[in-house]
């Protein structure tokens, strides 16, 4: 307590402390002591200390975790010479040569979520399996069937038939999990079933490029091959994650493991159980990250949100009035802090639901109401083509380090430009320019500058001069390349 009081007192400068009248100093000291004495009362509400042992928790949770074994018949590869040798060998004996097939076995983990026999695991654990068996904690072995699977989140739901209720785990709320919280992982590493490890939450919202909805919990609890599909528990014995992947040069645990958060897994599993598949909301936009330079060019203030690169024709976004170049700042009352968050927000929203979407458009916020459609694999984001016959013109734009020309049939043929693309064609790029640094190249088509359509090099120059007059040093270009659109922020060169 003395140490804390000393540190609290050091907040004030010594000369100022002596200038305060003695009665006031006594009052300050009393208040500091009172504040220090209150700290132990507040501490338990902020964080939970580690238990002396995880034994009681492990004993209660182990029966809810299962080992998952799969068998797959695969074709073996032999060289042509070896294949001919085996064929002749067996034909001389009047026998048929054996087929080039063998059984491949793999092991993983899972956990029971319903006493009726529903089991959660990873999709990659049971992918392409011909047979799936589950071994319970009491060594009972049961055949399992796939209820549903989702490759995008790497989750799968299994079902076993049992004549008695099975012990089931309870879902927890991963959104309440904090970095530094204790967690327990139970699984079947290297075939060693019923293995319990403990650690802490090392990080949250990790993107490891495993899929479009990456939002992993990172932990230093030992996770190895065979732990995949097993549960990550909090100290209340609730499932807050599904152990899925590790980062390791050797294949063994080095303290970097990843789990799918329960906030995502629970919703996916519920849909797999109800429909046998996942039905996701669909907005109908292609988006990209808002960089610092793009934020400056869009007059946004700071880089956040998701920049709309293109809008799908006939999609929910187009019907609601979302436009190419809008920055989506909020979706259904939740802030879109970065581009990665929007796909998950949309996917988790019920199909047919109307939501508010706040966009940034030409320096102002605008709220639109969007009724979500259903995401289908064949739906591909595509922008509406611009129309109109441009006037002929060409010339250099020193501020961008570009040579530009108006679209012509000759340029389409020369650069292989899509017939639907309209705008100003880049014919040459100064290698020392900021445009070159951003990867602009001959054959790219500039469709918009600062969210204003351009048809001639003169239009581009006009937009650049406007930006300079308003004191901006960055412009945003909507560029069409290889059948797709992207926004590129380019810093203006001195000219």
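The values are calculated or read from the model by the stated rules, or taken from the named source; none is laboratory data. Treat the numbers as computed from the prediction; the structure is a model and nothing was measured. Reconstructed Cβ throughout: ideal geometry from the backbone, glycine too, with neighbour counts over all protein chains shown.
Scanning the stretch 168-181 for residues that are surrounded by fewer than 20 Cβ atoms within 10 Å (Cβ to Cβ), on the phi < 0 side of the Ramachandran plot and either assigned to a loop (DSSP other than H, G, I, E, B) or more than 22 Å from the chain's Cα centre (by Cα) (or both) gives 168, 170, 173, 178, 179, 181. Every condition in (1) under 30 Å from residue 326 (Cβ atoms); (2) touching a helix residue (DSSP H, G or I) at 6+ places or on another chain (Cβ under 9 Å); (3) assigned to a helix (DSSP H, G or I) is met by residue 265 except one, and the failing one is (1). Restricting attention to the stretch 353-364, does a residue exist that is under 24 Å from residue 280 (Cβ atoms), at pLDDT 85 or above, in the same structural domain as residue 304 (by TED's automatic domain parsing) and not in a strand (DSSP E or B)? Yes, the stretch 353-364 contains a residue that is under 24 Å from residue 280 (Cβ atoms), at pLDDT 85 or above, in the same structural domain as residue 304 (by TED's automatic domain parsing) and not in a strand (DSSP E or B). Looking across 127, 144, one residue alone is modelled with pLDDT under 95, in the same structural domain as residue 272 (by TED's automatic domain parsing) and farther than 13 Å from residue 265 by Cβ. It is 127. On the basis of being part of a helix (DSSP H, G or I) and farther than 22 Å from residue 299 by Cβ, does residue 411 make the cut? When the stated conditions are applied, residue 411 passes them.
Looking at the structure I just gave you, is residue 296 in contact (Cβ under 8 Å) with a residue 60 or more places away in the chain, surrounded by fewer than 21 Cβ atoms within 10 Å (Cβ to Cβ), more than 30 Å from residue 121 (Cβ to Cβ) and in contact with a strand residue (DSSP E or B) (Cβ under 6 Å, 6 or more places away or on another chain)?
Criteria met by residue 296.
If you go through the stretch 144-162 and keep only what is surrounded by 12 or more Cβ atoms within 10 Å (Cβ to Cβ) and assigned to a strand (DSSP E or B), you end up with 144, 146, 147, 148, 149, 150, 155, 156, 157, 158, 159, 160. Taken over the stretch 161-190, residues that are touching a strand residue (DSSP E or B) at 6+ places or on another chain (Cβ under 6 Å) and within 19 Å of residue 120 (Cα to Cα) amount to 14. Could you go through the stretch 205-221 and let me know if any residue there is free of Cβ contacts under 8 Å to residues at least 12 places away in the same chain, surrounded by fewer than 20 Cβ atoms within 10 Å (Cβ to Cβ) and in contact with a strand residue (DSSP E or B) (Cβ under 9 Å, 6 or more places away or on another chain). Yes - at least one qualifying residue is present in the stretch 205-221. Here residue 251 passes the criteria (1) within 20 Å of the chain's Cα centre (by Cα); (2) within 23 Å of residue 107 (Cβ to Cβ); (3) assigned to a loop (DSSP other than H, G, I, E, B) except the one numbered (1). Looking across 428, 418, 459, one residue alone is touching a residue at least 12 places away in the same chain (Cβ under 8 Å), in a strand (DSSP E or B) and not assigned by TED's automatic domain parsing to the domain that holds residue 290. It is 428.
Only one of the listed residues (385, 399) is out of contact with any strand residue (DSSP E or B) (no Cβ under 9 Å at 6 or more places or on another chain), at pLDDT below 90 and not in a strand (DSSP E or B). That residue is 385.
Taken over the stretch 342-356, the criterion of being touching a strand residue (DSSP E or B) at 6+ places or on another chain (Cβ under 9 Å), surrounded by 13 or more Cβ atoms within 10 Å (Cβ to Cβ) and touching a residue at least 60 places away in the same chain (Cβ under 8 Å) is satisfied by 343, 346, 347, 348, 349, 351. Residue 330 meets each of the listed conditions (1) assigned to a helix (DSSP H, G or I); (2) under 20 Å from the mean Cα position of the chain (by Cα) apart from (1). Within the option set 165, 212, being in contact with a helix residue (DSSP H, G or I) (Cβ under 8 Å, 6 or more places away or on another chain), over 20 Å from residue 254 (Cα atoms) and either assigned by TED's automatic domain parsing to the domain that holds residue 115 or part of a strand (DSSP E or B) (or both) holds for one residue only, 212. For the stretch 232-245, the count of residues that are surrounded by fewer than 24 Cβ atoms within 10 Å (Cβ to Cβ), part of a strand (DSSP E or B), touching a strand residue (DSSP E or B) at 6+ places or on another chain (Cβ under 6 Å) and in contact (Cβ under 8 Å) with a residue 12 or more places away in the chain is nonzero.
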